[in-house]
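Inspection log for the structure reproduced underneath, given as structure tokens.
The values are calculated or read from the model by the stated rules, or taken from the named source; none is laboratory data. Computed from a prediction, not measured in an experiment: that's the story for all the values here. Please note: Cβ atoms are built from the backbone with ideal geometry, for glycine as well, and neighbour counts cover all protein chains shown. Quick note on the areas: whole protein, heavy atoms, side chains included, nothing else; ligands and nucleic acids left out. Shrake-Rupley method; radii C 1.70, N 1.55, O 1.52, S 1.80 Å.
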Amino acid sequence: MSKLFSSFILIIASAFSACAGDPVNTAPGDIKLPAGFKAIVVADKLGNARHIVVNSNGDVYVKLERLKDGKGIIRLRDTNGDGVADEKFAFGNFGGTGIAIKNGYLYASSDDNVYRYKFNDKNEIENPDKPEIIITGLVNKRQHSSKSIALDNNGFIYVNIGAPSNSCQEADRTAGSKGQMPCPILETAGGIWQFRADKLNQSYAEGVRYATGLRNVVGLDWNTSVNELFVMQHGRDQLSQLYPDNYSNEQNAEVPAEEFFIVKKGMDFGWPYCYYDPIQKKKLLAPEYGGDGKTEGLCGTKEKPLYAFPAHWAPNALLFYTGNQFAAKYKNGAFIAFHGSWNRAPLEQAGFNVVFLPMKDGKPAGDYEIFADNFVGGKENLSPSKAKHRPCGLAMGTDGSMYISDDQGGTVWKIIYTGEK
Amino acid sequence: MKIFAASALLICGAYLIQAFMPAQQQYDVKAAMARGKKVYDKICIVCHQPDGSGVPRMNPPLIKTKITLGPKQKLVQILVKGFNEEVEINGEYYSNPMPAQPQLTNQEIADVLTYVRRSFGNKASYVTVAEVKAIRAKLK
């Protein structure tokens, strides 16, 4: 009886939404959103859609990690206003992650360089085959090599240079291998570098190490409400596997936190010497440097997170919502796209979602809530390769819609709010 | 020609050893699989995942890849020496390094390779301690 009743409700509900002439197409994935929000599939099967950005005319630019048909950037254009892309244009001969728009230029990164393309007065890329090289020769040793970018309003561009290492051991990810002291990687990686946004062919010599002690950052954003850079760090891996005497697999699944930071010039966030334990709420000494899961050591002097997110979820995008379409509570708050874990094994993986953290005056103003979910597509999963989608990029359109990209299924969603404010 | 004869000899030799060593004939694959799973769950599972499917573009799958099913020489070398090269594995590249596992005994290497080659849908031949020992002796 109850089954009959619920299918009756379902039929009524779908009939109702059909009557309302709802244009929403949520075919691949059917991601879950809070009441009042809707997801439109802008495009799918694009390839490894990493970061995304929306131009003032509504064009969505998608950076691909790997070339698809020889191209690394896709422009999606919706010509009839239904949210679905009906024109695609691919260009750029480099794979990578970072993409941004500032002062009439599209910036995009490979794992070695940052390029830019000029927009003409019709808002088209003037010369899709000939970008200018802005920054060149950045450390790329395969691990943590993606270069995420953000621009401020003073002519600077910020580039994450991830450490090609888990915790700066003499032999990376090897049981029993000591941490190097001081860690030599920090000279050219493991931090945020600042460059001029308008100067060609800059290398390390022209850049400034803006902040250090960040293992790897993929999600970062310039917060215009307080005029500062914010980042999400990917915390270290493999505590229980490398140090089974000090950490159980259950502990490893919850420690260390993925840390949310405000980044000011000269700050040191502690990698590789320290990690943040969200249960003890402390920065602790890494076992490679003599830590045992309790000792703080030199970590008391390192910057603390503004907020600690669950371990290993892999934050790949950060977006401060400045639009007016969503309800007031979202204004200036942070959306974070989590790629989903692999390091919780042998425990079940987690993450694979987009969360919202309310913010006020550049500080968290409450706890996070899961905003978009069900990217995995069904039951929780044992391995990330089985997820249908992995959230990776976030962007806001001029009308206040939010876009989410996925580097597994290659889907881009447009999220709109149709509920009450 | 000389090389050919020599390698033919080697192959025959290996064959003969396989055929005449009683230990080989009674190789208990089931026990080796059980021991191999223990090694896998302790060391390999975090990167290659419980179902051997790996992590996209980070750690490769061990499901029917050329290397997993291929020559044992390469497999033993990967475990003893590690593996960190920009190589294509089934059409994709993987960014993490594979750390060397020199602490593993010949027995553990034979067991874990046997486990990997006969799990996750793989059906390759098992690996014996004698094979690991012979290959390892030649690795500098």
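Only one residue in A:239, A:220 is within 14 Å of chain B (Cβ to nearest Cβ), buried (at least 22 other Cβ atoms within 10 Å of the Cβ) and of a type in the set (A, V, I, L, M, F, W, C), so which one is that?
Working: A:220 fails: within 14 Å of chain B (Cβ to nearest Cβ).
Matching residue, one of A:239, A:220: A:239.
Return the total of residues in region A:324-350 being farther than 17 Å from residue A:230 by Cβ and open to solvent by 10 Å² or more (accessible area, probe 1.4 Å). I'd like the intermediate steps shown before the answer.
The initial filter retains those residues of region A:324-350 that are farther than 17 Å from residue A:230 by Cβ, namely A:324-329, A:339-350.
Checking which are open to solvent by 10 Å² or more (accessible area, probe 1.4 Å) leaves us with A:324-325, A:327-329, A:339, A:342, A:344, A:346-348, A:350.
Number of matching residues: 12.
When residue A:259 is evaluated against the numbered criteria (1) in a strand (DSSP E or B); (2) open to solvent by 20 Å² or more (accessible area, probe 1.4 Å), which criterion, by number, is the only one it fails?
(2) is the only condition that residue A:259 fails.
Note down all Cβ pairs under 9 Å where the first residue falls in region B:53-66 and is open to solvent by less than 10 Å² (accessible area, probe 1.4 Å), the second is outside any strand (DSSP E or B) and among the hydroxyl-bearing types (Ser, Thr, Tyr), and they're at least six residues apart or on different chains.
Note: pairs meeting the criteria are B:54/A:383; B:54/A:385; B:54/B:94; B:55/A:383; B:55/A:385; B:55/B:94; B:59/B:94; B:59/B:95.
Residue A:294 versus (1) touching a Phe, Trp or Tyr at 6+ places or on another chain (Cβ under 8 Å); (2) closer than 27 Å to residue A:350 by Cβ: which is the lone unmet condition?
If we test residue A:294 against (1) touching a Phe, Trp or Tyr at 6+ places or on another chain (Cβ under 8 Å); (2) closer than 27 Å to residue A:350 by Cβ, just (1) comes out false.
Taking the stated definitions as given, is residue A:337 farther than 23 Å from residue A:65 by Cα and either more than 14 Å from chain B (Cβ to nearest Cβ) or in contact with a Cys (Cβ under 9 Å, 6 or more places away or on another chain) (or both)?
On the way: farther than 23 Å from residue A:65 by Cα: no; either more than 14 Å from chain B (Cβ to nearest Cβ) or in contact with a Cys (Cβ under 9 Å, 6 or more places away or on another chain) (or both): yes.
No; evaluated as a whole, the condition is false for this residue.
Which strands (runs of 3 or more DSSP E) sit wholly inside region A:317-421 and have at least 1 residues that are more than 15 Å from the chain's Cα centre (by Cα)?
Working: elements: A:334-338, A:353-357, A:369-372, A:391-396, A:402-406, A:412-417.
Answer list for region A:317-421: A:369-372, A:412-417.
Among B:134, B:100, which is the only one that is of a type in the set (Gly, Ala, Ser), free of Cβ contacts under 8 Å to residues at least 60 places away in the same chain and part of a loop (DSSP other than H, G, I, E, B)?
Values: B:134 fails: part of a loop (DSSP other than H, G, I, E, B).
Exactly one of B:134, B:100 is of a type in the set (Gly, Ala, Ser), free of Cβ contacts under 8 Å to residues at least 60 places away in the same chain and part of a loop (DSSP other than H, G, I, E, B), namely B:100.
Evaluate region A:95-105: report whether one residue or more is crowded, with 23+ Cβ neighbours inside 10 Å, touching a residue at least 12 places away in the same chain (Cβ under 8 Å) and within 14 Å of another protein chain (Cβ to nearest Cβ).
yes
Quick one: count up the residues across region A:156-172 that are within 13 Å of chain B (Cβ to nearest Cβ) and open to solvent by 10 Å² or more (accessible area, probe 1.4 Å).
Here the count works out to 4.
Give the residues of region A:180-195 that are within 21 Å of residue A:134 (Cα to Cα) and in contact with an Asp or Glu (Cβ under 8 Å, 6 or more places away or on another chain), sorted by residue number.
Listed by number, the list holds a single entry, A:195.
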